[in-house]
């Protein structure tokens, strides 16, 4: 018996004109939705296919570039649209071993969390969903993906784009809320809610963007109980009452590092806050924010704005 060969190695991902480099592994998960065939006399006799899909997931390397490819949906104007943007956009995993795997039709189904801290890179995990194109028969060769030999090349990597920096948050212009430090960094996420479209004889044929929710969370450093109480609008004439929007003050949460990067969660309201008492335990716990959607002249405003200084 010959010695076994381990097939392994890193890769880059390309999709819709964007190149993605991963911080760790790139994983491809094939999943099948099934149904059981049963009879009263014999019980379950078979498991059969209903639909199937591939999910390609990875954590970007943190390069502060190509934000449109990481966050294509944050403008908030694509509700009701296909995540495949109406066309069969291929996704290519190009291995350094000279082999590439091409998925015929892929769309971004999970945008990465934004992690603003000095001790880690900027982005969390992201994911693409891949289906067979609507123009092919499911039993065609390479209907789902194709493997081919292709020499590896990556001539555009720029290590200076992988930024880490010290961030502060501003929630309004008044002190101390205009420069809030965090115990372990800030995190912003735009969660996507999607709707699968299935056809009986074809399976899963499309994924529609149904809703978006922008949130942020962090543990403030140095705020007193009184300052947190005021921040969450618990008392007095600014109190948030039943029926009020959490963001009724129309205040943005702006998290920035000078000359590096700014992330703004628009019309943010405090959803929850924690306090704690203990030896070495910070009094202030996690603050969680959610955003309120808004429109200008009938056009949806972005949920978040990401700015790279010129």
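Read-outs throughout are calculated quantities, based only on the coordinates presented, and are distinct from any laboratory measurement. Predicted, not measured: the structure shown is a model, and the values here were computed from it. Every residue, glycine among them, receives a Cβ derived from its backbone with ideal geometry; neighbour counts consider all protein chains shown.
In percent, what relative contact order does region 125-228 have, based on Cα pairs under 8 Å that are 6 or more apart in sequence? Worked out over region 125-228, it gives 22 percent.
The listed peptides 177-185, 275-283, ordered by packing as a protection proxy, come out as 177-185, 275-283 (highest mean of other Cβ atoms within 10 Å first).
The relative contact order of the chain comes to 15 percent, based on Cα pairs under 8 Å that sit 6 or more residues apart.
When the convex hull of the C-alpha atoms of region 108-239 is computed, what volume per residue in Å³ does it have? Could the numbers behind the result be given before it?
Details: hull volume 24.9 nm³, N = 132.
So the per-residue Cα hull volume is 189 Å³.
When 54, 186, 152 are arranged by Cβ crowding within 10 Å, least crowded first, meaning fewest neighbours, the order is 152, 54, 186.
Distance from the C-alpha centroid of region 63-111 to that of region 2-57: 18 Å, rounded to the whole angstrom. Compactness of region 235-310 is given as radius of gyration and Dmax, 15.9, 53 Å, from Cα positions.
Computed from the alpha carbon positions, the gyration tensor of region 43-176 leads to an equivalent ellipsoid with semi-axes of 35, 22, 15 Å, biggest first.
Measuring between their Cα centroids, region 135-151 and region 171-201 lie 37 Å from each other.
In terms of surrounding Cβ atoms within a 10 Å radius of their Cβ, 261, 35 rank from fewest to most as 35, 261.
The eigenvalues of the Cα gyration tensor, multiplied by 5 and square-rooted, give the chain an equivalent ellipsoid with semi-axes of 41, 26, 20 Å from largest to smallest.
Given 20 °C and 1.002 mPa s, compute D for region 1-72 with the Stokes-Einstein relation, Rh being the Kirkwood radius over Cα pairs; round to the nearest whole µm²/s.
Result for D is 131 µm²/s.
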